[in-house]
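Engineer: Just dropping this structure here.
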2 protein chains.
Amino acid sequence: MNTSNKHLLIVAHGSRREASNNEVRQLCVKLDQLENSYDSISSGFLELAEPSIPDGLRQLITSGAQEITVMPYFLSAGRHVTEDIPSEVDIVRQEHPEVSIHLAPYLGSAEGVAPLIIKSLR
Amino acid sequence: MNTSNKHLLIVAHGSRREASNNEVRQLCVKLDQLENSYDSISSGFLELAEPSIPDGLRQLITSGAQEITVMPYFLSAGRHVTEDIPSEVDIVRQEHPEVSIHLAPYLGSAEGVAPLIIKSLR
């Protein structure tokens, strides 16, 4: 069993367009190169792509994860962020009360979003 | 008639949760405070909220806009970004060929997204 214990799961909506799902998977690879505070950085999807959020969490737990941060890769707090993602996370929290699963704020709530928009438009 | 001519329309998905739509509207206010290269910064929605993208563009044109940048406030290039938003923009381009409407890259394609995620998690 893998003894690593701090993992990041980036959770996106999921798309019928597989290139869009792969974009999220590639983002995880890029994040893994930039950040070494996690033993792994992987992705899960609310709809239309694999793994689902519960399956993504279960895979991490099966490989030994003891602490998992779930980050909603969403820009605004619609129902997916306020209701659906917390519910999916709760399913696995109930299955594995011994694992610490922390739900981080969704990306759109970060202070840096507005400056990033301006920079990207220049 | 307003003589200003360079405008930014931030285009989001739209939500049944009105607080989420207001978040996008508030982002525009914040952007307007940070950036003075546009005569106005406003929002339009693909679904579930007002104004629609064509209506948002038409309102700007009615008030004198000659150049409009449309920025998709989306993180990945699913069908909304690759098909739906360009189609909505094209409707108004055909109605107003005299107005320059530029479709900017979607936010998720910005180089700064991965560093922003890492920063927001710290």
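The values are calculated or read from the model by the stated rules, or taken from the named source; none is laboratory data. Please read all numbers here as calculations on a predicted model, not as lab measurements. Methodologically, a virtual Cβ is constructed for each residue, glycine included, from the backbone with ideal geometry; neighbour enumeration extends over all protein chains shown. Only protein heavy atoms, including side chains, enter the accessible area calculation; ligands, DNA and RNA are left aside. Shrake-Rupley method; radii C 1.70, N 1.55, O 1.52, S 1.80 Å.
Engineer: To the nearest 20 debye, what charge dipole does the protein assembly as shown have about its Cα centre, counting +1 at the Cβ of each Lys and Arg and -1 at the Cβ of each Asp and Glu?
Structural biologist: Here the protein assembly as shown has a charge dipole of around 420 debye.
Engineer: Now for a separate question. To the nearest 0.05, what FRET efficiency results for A:Ser100 and B:Thr62 with a Förster distance of 51 Å applied to their C-beta separation?
Structural biologist: About 0.40, to the nearest 0.05.
Engineer: Now a separate question. Report ³J(HN,Hα) in whole Hz for each residue of the range A:50-55, in order, from the Karplus equation J = 6.51 cos²θ - 1.76 cosθ + 1.60 where θ = phi - 60°; Gly and Pro get x.
Structural biologist: 10, x, 5, 4, x, 5
Engineer: Would you kindly work out, in nm and rounded to one decimal, the distances from the label point of A:Val29 to those of the same position in each other copy, ordered shortest first, with label points 7 Å along Cα-to-Cβ?
Structural biologist: 4.2
Engineer: Right, another one. Once the label point is placed 7 Å from Cα along Cβ, list for B:Asp90 the distances to the corresponding points in the other copies, in nm, shortest first.
Structural biologist: Inter-copy label distances (nm, one decimal, shortest first): 4.3.
Engineer: If you don't mind, another one. Which value at 222 nm does chain B reach when only helices count, each DSSP H run of 4 or more adding -39,500 (n - 2.57), with the total divided by all residues and rounded to the nearest 500 deg cm²/dmol? Don't skip to the answer; put the middle values down first.
Structural biologist: Values: 4 runs with 47 residues, N = 122.
Mean residue ellipticity at 222 nm (helix-derived): -12000 deg cm²/dmol.
Engineer: Would you mind getting me the FRET efficiency between B:Asn5 and B:Asp90? Use the beta-carbon distance for r and R0 = 22 Å, nearest 0.05.
Structural biologist: 0.55
Engineer: Mind putting a number on the dipole of chain A about its Cα centre? Charges go on the C-beta only, +1 for Lys and Arg and -1 for Asp and Glu, and I need it in Debye to the nearest 20. The partial results should precede the final answer.
Structural biologist: Working: 10 positive and 16 negative charges, 102 e Å.
Value, rounded to 20: 480 debye.
Engineer: Tell me which of B:Leu75, B:Ile101, A:Ala110 sits at the most positive position along the dipole axis of the protein assembly as shown, charges placed on C-beta atoms (Lys, Arg +1; Asp, Glu -1).
Structural biologist: The listed residue farthest towards the positive side: A:Ala110.
Engineer: To test your reading of the geometry: what angle, between 0 and 90 degrees and rounded to tens, separates the Cα axis of helix B:85-95 from the longest principal axis of chain B?
Structural biologist: Helix B:85-95 sits at roughly 10 degrees to that axis.
Engineer: Using a probe radius of 1.4 Å on protein heavy atoms only, what is the accessible area buried between chains A and B, both sides summed, to the nearest 100 Å²?
Structural biologist: 3300 Å²
Engineer: Leaving out ligands and nucleic acids, and using a 1.4 Å probe, what accessible area per residue does the protein assembly as shown come to in Å²? Show your work: numbers first, answer last.
Structural biologist: On the way: 11790 Å² over 244 residues.
Accessible area per residue, the protein assembly as shown: 48 Å².
Engineer: Would you mind computing, in nm to one decimal, how far apart the modelled labels at A:Gln33 and B:Gln26 are, each placed 7 Å from Cα along Cα→Cβ?
Structural biologist: Going by the 7 Å Cα→Cβ label model, 3.6 nm.
Engineer: Can you give the net charge of the other residues whose Cβ lies under 14 Å from the Cβ of A:Val29, counting K and R as +1 and D and E as -1?
Structural biologist: Values: positive: A:Arg25, A:Lys30; negative: A:Glu23, A:Asp32, A:Glu35.
Once positives and negatives cancel, what remains is -1.
Engineer: Can you pull the percent of chain A's accessible area that's carbon plus sulfur, 1.4 Å probe, other chains left in place?
Structural biologist: Reported share for carbon and sulfur atoms: 47 percent.
Engineer: Mind giving me the nanometre distance, one decimal, between the label points for A:Leu48 and A:Arg16, set 7 Å out from Cα along Cα→Cβ?
Structural biologist: Inter-label distance under the simple model: 0.8 nm.
Engineer: Put a point 7 Å out from Cα along the line to Cβ at B:Glu50; what are the distances to that point in the other copies, in nm, shortest first?
Structural biologist: 4.4
Engineer: Which value in nm describes the separation of the simple spin-label points at B:Glu83 and B:Ser109, placed 7 Å from the Cα toward the beta carbon?
Structural biologist: Taking the two extended label points, one gets 1.8 nm.
Engineer: Determine which aspartates and glutamates satisfy two conditions relative to B:Lys6: a Cα distance under 18 Å, and not lying fewer than 8 residues away in the same chain.
Structural biologist: Leaving aside aspartates and glutamates fewer than 8 places away in the same chain, those within reach of B:Lys6 are B:Asp32, B:Glu35, B:Asp39, B:Asp55, B:Glu67, B:Glu98.
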